[in-house]
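Everything below concerns the one structure shown next.
The values are calculated or read from the model by the stated rules, or taken from the named source; none is laboratory data. What you are looking at is a predicted structure, and each value in this text was computed from that prediction instead of being measured. Counting neighbours? That spans all protein chains shown, and the Cβs are built from the backbone with ideal geometry, glycine included. Side chains are part of the model used for accessible areas, which takes the heavy atoms of the whole protein and leaves out ligands, DNA and RNA. Shrake-Rupley method; radii C 1.70, N 1.55, O 1.52, S 1.80 Å.
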Amino acid sequence: MAGAREPHQRSGVKERRFVGPGETPASMGAIAAQRALEAAGLKATDLDFMICATQTPEHFFPGTACFIQKRLDCPGIGALDVRQQCTGFLYGLSIADSYIKLGTYKKILIVCTEANSTGMDMSDRGRHISVLFGEGAAAVVLGPSDKPGIRSTELHADGRFAEELMVPAPGCAYNPHLTHQILDEGLQYPVMNGKVVFVEAVTQLTATILATLKANNITIA
């Protein structure tokens, strides 16, 4: 289901998607995965390993990859969740790339799936965050090739900014990890220091792009 208005002044967002009744991260992820497999001319049983990148897991545990695996009916292969938020696909890609280059696995499925609106504060208090996070799923199948593939990967994090964009609860930092007080305080919703996040994102993304170009002897031109 889509919701469309005039473009958001700062982000440029024109439209975002919302999950419908019965739709979950795993159900969307399984559909994307099946389409990726069909495009690759493969069956789920051809896979050796699978990775799911999500910040909106199906359940606290086990990982969402396990629930997607169940829907694809390919038990037995490794199923890994990557909880790296916006950079989840890049982290998943780097893991798959390493496994393939090492010869550990040959066919790896990466699924990215999010159902953010199920945990967003849609009131005026949370609108500066909720406008940025939508729903969707995408998938890709990776395998060995004689042609050049992934040239290099740049991965970085800075834990000093961890609390500038986070969902405080539920979590095991609280004991018990979910209480009426936590819900009353709205700690289950994302919090963001927009100015800090924007400046840090633009600065570090620029630096990472330049580092990637340099590592591959490519100029901006």
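Just add up the charged neighbours of HIS128: K/R +1, D/E -1, any other residue whose Cβ is under 13 Å from the Cβ of HIS128. Net of charged neighbours comes to +2. Between beta-carbons, use under 13 Å as the cut-off and find the net charge around PHE18, counting Lys and Arg +1, Asp and Glu -1. Summing Lys and Arg as +1 and Asp and Glu as -1 gives -2. Multiplying the residue separation of ASP48 and ASP158 by 0.36 nm and subtracting their alpha-carbon distance yields 36.4 nm. Put simply, when 143-150, 80-87 are sorted by average Cβ atoms within 10 angstrom per residue, most first, you get 80-87, 143-150.
On the basis of the beta-carbon distance and an R0 of 22 Å, VAL202 and ARG151 show a calculated FRET efficiency of 0.40.
Listed by chain and number, the aspartates and glutamates whose alpha-carbon sits under 12 Å from that of LYS107, ignoring those within fewer than 8 places in the same chain, are ASP46, ASP48, ASP97.
Share of carbon and sulfur in the accessible area of the range 157-203 stands at 60%, probe radius 1.4 Å. Look at the alpha carbon pairs under 8 Å that are at least 6 residues apart: their mean separation over the length of the range 14-117 gives a relative contact order of 39 percent. Where only DSSP H runs of four or more residues are counted, the chain gives -10000 deg cm²/dmol as its mean residue ellipticity at 222 nm, each run worth -39500 (n - 2.57). In this structure the range 8-78 gives 57 Å² per residue of accessible area when probed at 1.4 Å with all protein chains present.
Any aspartates and glutamates with Cα under 15 Å of the LYS214 Cα? List them, leaving off those in the same chain fewer than 8 positions away. Result set, ordered by chain and number: GLU154. Given a 10 angstrom Cα cut-off, can you work out which residue in LEU205, LEU47, LEU72 is the most mobile in a GNM of the chain? In the Gaussian network model the winner is LEU205.
To check you understand DSSP bridge types, tell me what percent of the beta bridges within the chain (both residues inside) are antiparallel, rounded to 5. Percentage antiparallel, nearest 5: 55. Can you pull the one-decimal nm distance between simple spin-label points at HIS59 and VAL191, each 7 Å off the Cα toward Cβ? Output for this residue pair reads 2.9 nm.
Residues whose amide H comes within less than 5 Å of that of LEU80, counting only those at least five positions distant or on another chain, are MET50, ILE51, CYS52 (H built at 1.01 Å from N in the peptide plane).
Partner lysines whose Cα lies under 21 Å from the Cα of LYS101, excluding those fewer than 8 positions away in the same chain, are identified as LYS147.
For the range 1-131, the spread of Cα positions along the three principal axes, ordered from largest to smallest, is 50, 30, 29 Å. With an a/c value of 1.5 or above and a/b not larger than b/c for the gyration tensor axes a ≥ b ≥ c computed over the alpha-carbon atoms, the chain is described as oblate. Per residue, the solvent-accessible area of the range 128-208 (1.4 Å probe, heavy atoms of protein chains only, all protein chains present) comes to 70 Å². Counting Lys and Arg as +1 and Asp and Glu as -1, what is the net charge of the other residues whose Cβ lies under 12 Å from the Cβ of ILE100? Taking every Cβ under 12 Å from that of ILE100, the sum is +1.
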